[in-house]
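Right, one structure below, let's go through it.
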Amino acid sequence: MLSKSKYLNGLQCLRLLWYRARKPSELPQPSEATQLKFDQGIEIGMLAQSLFDDGLVLNHSDFFKGIADTHEALKSRRVLFEAAFYDKEKNLYSRADILVPSGEDAWDIYEIKSSASVKSEYVEDMAFQKYVYERAGLNINNCYIMHVNTKYLRQGNLDLSQFFKIENINEKLESVFQEISLRIDEENHIISTDNPPPPQLGVRCFNPYECPLKEKCWQNVPDGSVFELSGGNRIPGELWKQGYTYLKDVPANMLEFNEKQRNQIIAYQQGQAHIEKEKIEEWLKQLQYPLYFLDFETYDTAVPLYDGCRPYQKIPFQFSLHIQQEKDGPITHISYLANGHGDERAEFAAVLKQSLGENGSIVVYYDSFEKKVIREIGELFMEYAQWSEETCQRVVDLLVPFQEYYFHSQLQKGSTSIKKVLPALSDKNYDDMNISNGELASYYFTRIVLGKALDDEKSKTRQDLLDYCQLDTYSMVLLISALYKLANGQTIKLKKDKPKLNEQLRFPI
């Protein structure tokens, strides 16, 4: 049976569709972080239903009874939630989030999404629904996407009329709808075959979502492959089809490559890092001591939890700060971690302001994120408005020399993430961290905020968060030190012991 979720899988990758339909047990289960997003989507759906009066919720514990109940409920001309339709001829199945009577004999479809905008895959989703419902005999008038309005600012009780944004996508459906019958026939054919299509590696493995089959399909892709091409988008897949396996074997003078990509390929071919000593030296000149190495961790929820909060607004709950008064001087570390009980942004702001001093460069990795957090503090608390702007003026983005390829090593595998750059310039890495990225940090702290974490989990999470965030800022200390050496033409010698820190841990009481 071809459901709308399987249909969307097939649009991304026919091989994924086959496994979803024929061998779903071989697909990995969603991660805990992904499941939390699904749970938020369910919550958004329930909120959307409350905007419609006299709605009837249809139960689908029994497949065929759910379809029969839908058929009977259509006669009542009431708003229907989760109405189910099955087309026996083409073996199609779909459920509508909300069906609303329109005029005397037509219906409007409302599809509820927890995202902040109408994405192309949502239009495909709606096209499939409309196709199935019309084959079931419904006259469809309007098709709407209800999604979260990220400009809504919560003040008091949740105002659902402002929280949701409703967009009519009838015009967007026109071009998609013309070929949907052919696509459905193709996907039904794929499902009927005994063997899956061969892997087709490329952009589809990541767009619109990272494919759950990626590990299975990519198991024979070696280190140093063409898929490590930085900013490659569609190009790596095309190179793979042309028979190129290793990036070092690709001619660097191909017209499609930009300067960064050519430099990367040359570095792979030469087996040594690409280094632009003069540009590194010039970038380092902007640093003003003392240096404050700063990193934030944030969480967000679809439904804003606090007044003065927007949907999906990044709420800072932690920062790590390494301070170095002079070049090659001793390092002091300050750490803040919220309790997860209510809105703690005022305390966060006070400790941050006290810790950052008034002079010296604030070194971050990807400054757009840190600046946004700091500016939102100024917007929320008027007494911090001037401070937030002055603080942003002190920020220096450590990502730049790596993003601009002043340094690039094959060890980075085409990435400029700090987690890939760090092992290329030091003996440190994130391999043994219980929390090893910002998404996991956000997930585990959100569990505390929502009251889902037990006491033992809270204690472990807090220590793991402290370890992770501290490594983020200590990594920047190591990278700055390495850049100074590269600028001086020195060879990077990996240190086995990190310097002794003067620890100052600050926690809310």
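The values are calculated or read from the model by the stated rules, or taken from the named source; none is laboratory data. Everything quoted here is computed from the prediction, not taken from an experiment. For neighbour counting, all protein chains shown are included, and Cβ atoms are generated from backbone atoms with ideal geometry for every residue, glycine included. Just so you know, the surface numbers come from the protein's heavy atoms only, side chains and all, with ligands and any DNA or RNA stripped out. Shrake-Rupley method; radii C 1.70, N 1.55, O 1.52, S 1.80 Å.
Rounded, prolate or oblate for segment 407-477? Axes are the square roots of the Cα gyration tensor eigenvalues, ordered a ≥ b ≥ c, and the cut-off for rounded is a/c under 1.5. In terms of gyration-tensor shape, prolate.
Surface exposure of the chain, expressed per residue as accessible area with a 1.4 Å probe, stands at 50 Å².
Report, in listed order, any pair from 4/88; 88/113; 241/413 with a Cα-Cα distance greater than 18 Å. List each step's numbers first, then the result.
Working: 4/88 15 Å; 88/113 28 Å; 241/413 20 Å.
From the list (4/88; 88/113; 241/413), the Cα-Cα distance tops 18 Å for 88/113; 241/413.
Lysine pairs in segment 116-222 with Cα distance under 19 Å, only those 8 or more apart or on different chains: how many are there? Write down the numbers at each step before the final one.
Working: 119/130; 119/151; 119/165; 119/172; 130/172; 151/165.
Step by step, the pairs that qualify in segment 116-222 add up to 6.
Heavy atoms only, probe 1.4 Å: what % of the accessible area of segment 9-118 goes to carbon and sulfur, would you let me know? C and S fraction of accessible area: 50 percent.
Within segment 347-483, what whole-number % of the accessible surface is contributed by carbon and sulfur, with the 1.4 Å probe and all protein chains included in the calculation?
Values: 2650 of 5830 Å².
Reported share for carbon and sulfur atoms: 46 percent.
Overall, the accessible surface of segment 152-267 at a probe of 1.4 angstrom is composed of carbon and sulfur to the extent of 46 percent.
Pairs of lysines 8 or more apart, or on different chains, with alpha carbons under 18 Å: count those in segment 283-398, would you?
Numbers: 285/327; 314/371; 314/372; 353/371; 353/372.
Counting lysine pairs in segment 283-398 gives 5.
Taking every DSSP bridge with both residues inside the chain, close to 65 percent are antiparallel.
Per-residue packing, averaged as other Cβ atoms within 10 Å, sorts the ranges 227-238, 379-390 into the order 227-238, 379-390, beginning with the highest.
Helix 438-449 and the longest principal axis of the C-alpha atoms of the chain enclose an angle of approximately 70°.
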